[in-house]
Amino acid sequence: MGGENTRPVEPGIVTDFRDRMSYGSYLDLGTLLGAQHPVSAPEHHDELLFIIAHQTSELWLKLTLHELSAAKAALARDDISVALKCIARVKHIQKSLTEQWSVLATLTPTEYSQFRGFLGNASGFQSFQYRAVEFILGNKNAGVLPVFESDPEAHALLSRVLAEPSLYDEFWRHLHRVGLPVPESALQRDPASAYTLNRDLIPLVKHVYENPHENWEAYESFEELVDLEENFQLWRFRHMRTVLRVIGTKPGTGGSSGVGFLQRALDLTFFPELFSVRTEVGR
């Protein structure tokens, strides 16, 4: 049956789900949609926005980790095509994550101040998935591990990712195995330490950029990694600006200095040689 401005339900559409898997059961929507638990009293209208914005970010971060882990494994077996496919997907996820800040930015300082006090010390700084993404990309920092000691699973994950080679480490190892002259310093570095600029790599990176057709695989990969870092920095910038817009320069709920702490994250880099070489190319 259908009336004006309706679309008739086709006869073949399944309606009996007593013995079938439905959309809701497949996605476990009961659990997902029941996972929002505002703590303000009385419950503030805008707290639901705050919770959902962060929960959806965590879902995207879960997928980001899934794809970056797959990319790293692909590089370890020298399957660069699969690695680049995973990275391309992450780049689209990053765009979604960055755009989400515009939704949270609709929260005014007045609105947020009316329920912020109920959050206690809960803070995005405690996102173990965000830390794992930073670690897998090379921004490793053992100093944050104590934050996660009360969550054994999160602590174990971060400890493992900290000790393992990063995506960038695996990338240089891959280039070495396919015959490029990657210096030993890039192959033997301590994977648990934060990645820093290795000037030994600059001649190789410069050669690839100045001879792209003879080194297309490496050339394309360099640019994909540059995209990845730029997208991450855009996310960091939008995060910092959204916090500034909503709470100004107040300290963070987790004990950080707030905007100043977030601003310093913009100085952190994942793939420094790929940016440093731009000063050298063409000289």
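So which trypsin sites (Lys or Arg not before Pro) in the range 62-125 end up in coil per DSSP with only 14 or fewer other C-beta atoms within 10 Å?
On the way: sites: K62, K72, R77, K85, R89, K91, K95, R116; in loops: R77.
Here the sparse-neighbourhood loop sites are R77.
Rounded to the nearest whole Å², what accessible area per residue is found for the chain with the 1.4 Å probe? Mind showing how you got there, number by number?
Details: 16020 Å² over 283 residues.
Here the per-residue accessible area is 57 Å².
Once you sort the root eigenvalues of the Cα gyration tensor of the range 16-120 as a ≥ b ≥ c, which label holds: rounded (a/c under 1.5), prolate (a/b larger than b/c) or oblate (the other case)?
Details: a/c = 3.07, a/b = 1.48, b/c = 2.08.
Because a/c hits 1.5 or more and a/b fails to exceed b/c, the range 16-120 counts as oblate.
When the accessible area of the chain is split by element with a 1.4 Å probe, what percent falls to carbon and sulfur?
It is 57 percent, rounded to a whole number.
Expressed as a rounded percentage, what relative contact order does the chain have, with Cα pairs under 8 Å and six or more residues apart? Write down the numbers at each step before the final one.
Details: 272 pairs, mean separation 56.3, N = 283.
It rounds to 20 percent for the chain.
What angle do you read, to the nearest 10 degrees and between 0 and 90, between the alpha-carbon axis of helix 167-177 and the longest principal axis of the chain?
With both axes taken from Cα atoms, the answer is about 40 degrees.
What distance in nm separates the simple spin-label points at D190 and H155, each placed 7 Å from Cα in the Cβ direction?
In this crude label model, D190 to H155 measures out at 2.2 nm.
Rounded to the nearest 20 Debye, what is the dipole magnitude of the range 234-283 about its Cα centre when Lys and Arg each give +1 and Asp and Glu each give -1 at the C-beta?
Its charge dipole is roughly 260 debye.
With just the Cα atoms defining each centre, how far is the range 195-244 from the range 1-36? Give it in Å.
45 Å
With no solvent and one equal point scatterer per Cα, compute the Debye intensity ratio I(q)/I(0) for the range 67-162 at 0.14, 0.15, 0.18 Å⁻¹ and report its log10, rounded to two decimals.
Values, matching the q order: -0.73, -0.81, -1.00.
Would you mind checking the tilt of helix 128-137 against the longest principal axis of the Cα atoms of the chain, expressed as 0 to 90 degrees and rounded to 10?
Helix 128-137 sits at roughly 20 degrees to that axis.
What FRET efficiency comes out for D28 versus H176 if R0 is 41 angstrom and r is the Cβ-Cβ distance? Round to the nearest 0.05. Display every interim value, and only then the final one.
Details: r = 44 Å, r/R0 = 1.06.
Between D28 and H176 the formula returns 0.40.
Kirkwood Rh over Cα pairs of the range 103-246 into Stokes-Einstein at 20 °C, 1.002 mPa s: D in µm²/s? The partial results should precede the final answer.
On the way: Rh = 18.0 Å.
D, rounded to a whole number, is 119 µm²/s.
Roughly how tilted is helix 47-76, in degrees to the nearest 10 and between 0 and 90, from the longest Cα axis of the chain?
That works out to roughly 30 degrees.
Determine ³J(HN,Hα), in whole Hz, for all residues of the range 242-252 in sequence, where each value follows from phi through the Karplus function 6.51 cos²θ - 1.76 cosθ + 1.60 and θ = phi - 60°; x replaces Gly and Pro.
Once θ is set to phi - 60°, the couplings for the range 242-252 become 5, 4, 4, 5, 8, 10, x, 9, 5, x, x Hz.
Where a Cα-Cα gap under 22 Å defines reach, which lysines qualify for K62, not counting those fewer than 8 residues away within the same chain?
Output for K62: K72, K85, K91, K95, K140.
Once you place label points 7 Å from the Cα toward the Cβ at F275 and K250, how far apart are they in nm?
3.1 nm
Which listed residue (V133, V205, W101) has the Cα farthest towards the positive end of the charge dipole for the range 74-229, taking +1 on Lys and Arg C-beta and -1 on Asp and Glu C-beta about the Cα centre?
Checked the options; the winner is W101.
Which value in nm describes the separation of the simple spin-label points at Q263 and E217, placed 7 Å from the Cα toward the beta carbon?
4.5 nm
At 0.36 nm per residue, and after removing the present C-alpha to C-alpha distance, how many nm does the segment from A105 to L59 gain when stretched out fully?
On the way: separation 46, 0.36 × 46 = 16.56 nm, distance 1.95 nm.
So the extension gain works out to 14.6 nm.
The values are calculated or read from the model by the stated rules, or taken from the named source; none is laboratory data. Just so it is clear, the model here is predicted, and its values are computed rather than measured. Using ideal geometry, Cβ is built from the backbone for each residue, glycine included, and neighbour counts are taken over all protein chains shown. Please note that ligands, DNA and RNA were not included when accessible areas were found on the heavy atoms of the full protein model with its side chains. Shrake-Rupley method; radii C 1.70, N 1.55, O 1.52, S 1.80 Å.
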